[in-house]
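The values are calculated or read from the model by the stated rules, or taken from the named source; none is laboratory data. What you see is a predicted model; the values in this text were computed from it and never measured. Every residue, glycine as well, gets a Cβ built from its backbone with ideal geometry; the counts of neighbours run over all protein chains shown.
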Amino acid sequence: MRIRGMGDRTDPAWMRHVEDRTAQCFREAAAGLKPVTLLQGSQDEQGASMAVSRLVGSEGPVATLSWATGVAPVLGASNNAISADYVGTVNQELERWGGVSLHLPGPWSPGFDLSELPFEPRRDGSHEEAAETGNALAERLAKIQLRPADEAR
């Protein structure tokens with residue numbers, strides 16, 4: 001495997017090291033693969049759609065992928081701090097189930113009526129509001145009934 005596109009700006013010995021370590025990581029990951037079951041569920045609630053997919057192995061959850069529409073970024077354009085907004089809190093809460101979590105915010109329209117959300121958001125644009133929004137959404141996602149993928153829907 002050779003990484004391309006770096007030109008002459010890098011030390012060839014360093015690039016060989018990076019390539020070798022990358023290949024080693026892939027080999028170790030492949031050797032550690034174990035069977036998992038895919039569980040899925042979705043819910044439409046008050047104009048918002050939510051979905052959860054979870055990979056569960058013999059030792060418990062491995063990973064959770066979630067998606068929800070209708071929740072806008074809380075912190076807004078005036079926030080210049082590095083932040084995951086409410087999504088960071090959603091991931092932290094879902095990781096309590098075990099494994100890693102990736103929450104994908106769904107479509108948001110500026111004209112979306114906030115009263116259609118499945119929870120009542122604060123609107124002060126604070127980090128506390130982002131955490132509250134993330135917690136409320138994670139609670140809703142946690143209530144979605146999951147079934148094996150071949151039985152979902």
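Structural remarks
- Single residue of region 27-41 satisfying the filter (of a type in the set (A, V, I, L, M) and in a loop (DSSP other than H, G, I, E, B)) that is surrounded by the most Cβ atoms within 10 Å (Cβ to Cβ): Val36
- Scanning region 125-135 for any residue that is surrounded by fewer than 12 Cβ atoms within 10 Å (Cβ to Cβ), of a type in the set (Asp, Glu) and modelled with pLDDT of 60 or more turns up at least one such residue.
- Only one of the numbered conditions (1) assigned to a loop (DSSP other than H, G, I, E, B); (2) at pLDDT 80 or above is violated by Ser66, and that is (1).
- Single residue of region 126-149 satisfying the filter (more than 18 Å from the chain's Cα centre (by Cα) and not in a loop (DSSP other than H, G, I, E, B)) that is farthest from Pro73 (Cα to Cα): Pro148
- Contact map, region 126-140: residues that are over 20 Å from Leu104 (Cβ atoms) and in the same structural domain as His103 (by TED's automatic domain parsing) paired with residues that are surrounded by fewer than 18 Cβ atoms within 10 Å (Cβ to Cβ) and of a type in the set (D, E, K, R), Cβ distance under 6 Å, separation 6+ or inter-chain. Pairs shown: Glu129/Arg122.
- Any hit, region 107-123, residues being modelled with pLDDT of 85 or more and not aliphatic (A, V, I, L, M): no
- The set of residues in region 98-109 being surrounded by fewer than 16 Cβ atoms within 10 Å (Cβ to Cβ) and not in a strand (DSSP E or B) consists of Gly106, Pro107, Trp108, Ser109.
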